[in-house]
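Accompanying notes for the structure given below.
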Amino acid sequence: MRIGNLEIENPLILGPMAGVTDWAFRTVCARLGANITVTEMVSSRALVYKDQKSARLLRKNEGSLCGAQIFGNDPAIMAEAAGLALDISGCDFLDINMGCPMPKIANSGDGCGLMRTPELAEQIVREVVKAVDVPVTVKCRLGWDKGSINVLDFTKRMEQAGAAMVTVHGRTRAMLYTGVADWDTIRKVKEQLSIPVIANGDIVGAESARRCLKWTGADGLMIGRATFGDPWIFAEVAAEMAGKEIPERPCLADRIDVAVEQFKLAEADHGEKIACLEARKHFAWYLRGVRNASYYKKEIASLTTMEDIYRVAKDVVRDLK
Ligand SMILES: Cc1cc2nc3c(=O)[nH]c(=O)nc-3n(C[C@H](O)[C@H](O)[C@H](O)COP(=O)(O)O)c2cc1C
């Protein structure tokens, strides 16, 4: 499959997730089989105003194609921010967020708000495509709410404006992250476009990946929340997509090794203090489904140093299975 000039087989994408898919987690997921990652969304205005914190979120990981994602609703600012995002990161493609449902974003006409102004969204894609020399992709939802589902018209416009790929999250803005993702509508999007279409929503393992691909006919898959504490989902789904045997999940000790590796990468990326704050949620996710872990989850909720992380990791491996 091709995204513009980028060649990729069986695209399997780690969904961009603010506060989750930092450079460390993307690196781990890429090692385990995500062949495309996308940075957390970054405000186009913040980039243009040279906000350093936003710029740091764009660090490109190794081991996969990596897209930089920006949001905003002003074509000129988006075009300038797109160039800056690529200069800062060296990413392989530029993704435009047209799916974020959060009121602060969507009600200001950014993120999913752009689905209510398709002509403006089109203009943004045109301007960004003109401004950069990598493929420009779009991530959107079904529409604003169930009375205004417009993803078919919307994605057609995106294609005509020059988007090289669209990812469709099969929910409306009003649904946020609840209810069942509508794969039927994703199939209709796929049927009408020539550019690659990625299906997103409710893919939680090899079985749902197989069903989603068959159901939608999509060119690839994006996985979001099911990756929390479980980057091995990529090894599983990648094997499924390649028609290979599904690998077994590693034992707890090996999983904790990977978690600690992720936290070391995070420390290298943004220092011990922030890395430890971030590790509190990731580490608890790595222990989801592990029996008798509640004592350690409490410890994790207050860890502040890398030494704390190493100590809890050692205790967990010693005491739990
Ligand atoms: C905590 C969180 C943060 C997210 N941040 C972003 C983001 O920055 N950009 C984006 O395009 N989508 C974002 N999403 C949406 C996901 O990429 C994905 O589309 C959504 O979770 C549906 O996929 P899933 O059912 O596999 O989780 C976020 C989702 C979550 C749960």
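The values are calculated or read from the model by the stated rules, or taken from the named source; none is laboratory data. Just so you know, these numbers come straight off a predicted model, no measurement behind them. All Cβ positions, even for glycine, are placed from backbone atoms using ideal geometry, and neighbour counts span all protein chains on display.
Numbers below:
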quantity	calculated
Some residue of the stretch 198-206 being touching a residue at least 40 places away in the same chain (Cβ under 8 Å), more than 16 Å from the ligand (Cβ to nearest atom) and either surrounded by 14 or more Cβ atoms within 10 Å (Cβ to Cβ) or of a type in the set (S, T, N, Q) (or both)	no
Any hit, the stretch 31-47, residues being closer than 20 Å to GLU9 by Cβ, part of a helix (DSSP H, G or I) and either in contact with a strand residue (DSSP E or B) (Cβ under 9 Å, 6 or more places away or on another chain) or assigned by TED's automatic domain parsing to the domain that holds GLU9 (or both)	yes
Any hit, the stretch 229-249, residues being more than 16 Å from the ligand (Cβ to nearest atom), closer than 18 Å to TYR286 by Cα and without any contact (Cβ under 8 Å) to a residue 12 or more places away in the chain	yes
All positions within the stretch 1-26 that are under 18 Å from GLU278 (Cβ atoms) and among the small types (Gly, Ala, Ser)	GLY15, ALA18, GLY19, ALA24
Residue within the stretch 213-220 that is out of contact with any Asp or Glu (no Cβ under 7 Å at 6 or more places or on another chain), in the same structural domain as LYS146 (by TED's automatic domain parsing), assigned to a loop (DSSP other than H, G, I, E, B) and closer than 27 Å to VAL132 by Cβ present	yes
Meets criteria (among the hydrophobic types (A, V, I, L, M, F, W, C), surrounded by fewer than 20 Cβ atoms within 10 Å (Cβ to Cβ) and at pLDDT 95 or above) for ALA30	no
Yes/no for ILE186 being under 23 Å from ALA82 (Cβ atoms), within 16 Å of the ligand (Cβ to nearest atom), without any contact (Cβ under 8 Å) to a residue 40 or more places away in the chain and not in a loop (DSSP other than H, G, I, E, B)	no
Any hit, the stretch 136-155, residues being surrounded by fewer than 19 Cβ atoms within 10 Å (Cβ to Cβ), at pLDDT 95 or above and under 24 Å from ALA68 (Cβ atoms)	no
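Conditions tested, residue by residue: (1) within 18 Å of the chain's Cα centre (by Cα); (2) within 15 Å of the ligand (Cβ to nearest atom); (3) without any contact (Cβ under 8 Å) to a residue 24 or more places away in the chain.
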site	(1), (2), (3)
ASP22	yes, yes, no
ALA55	yes, no, no
SER64	yes, no, no
ASP74	no, no, no
LEU84	no, no, no
LEU94	yes, yes, no
MET98	yes, yes, no
ASP110	yes, yes, no
LEU120	no, no, no
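Matching residues to (1) in a strand (DSSP E or B); (2) in contact (Cβ under 8 Å) with a residue 24 or more places away in the chain; (3) under 19 Å from ASP219 (Cα atoms):
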| residue | (1), (2), (3) |
| --- | --- |
| LYS104 | no, no, no |
| MET115 | no, yes, no |
| LYS139 | yes, yes, yes |
| MET158 | no, yes, yes |
| ALA163 | no, yes, yes |
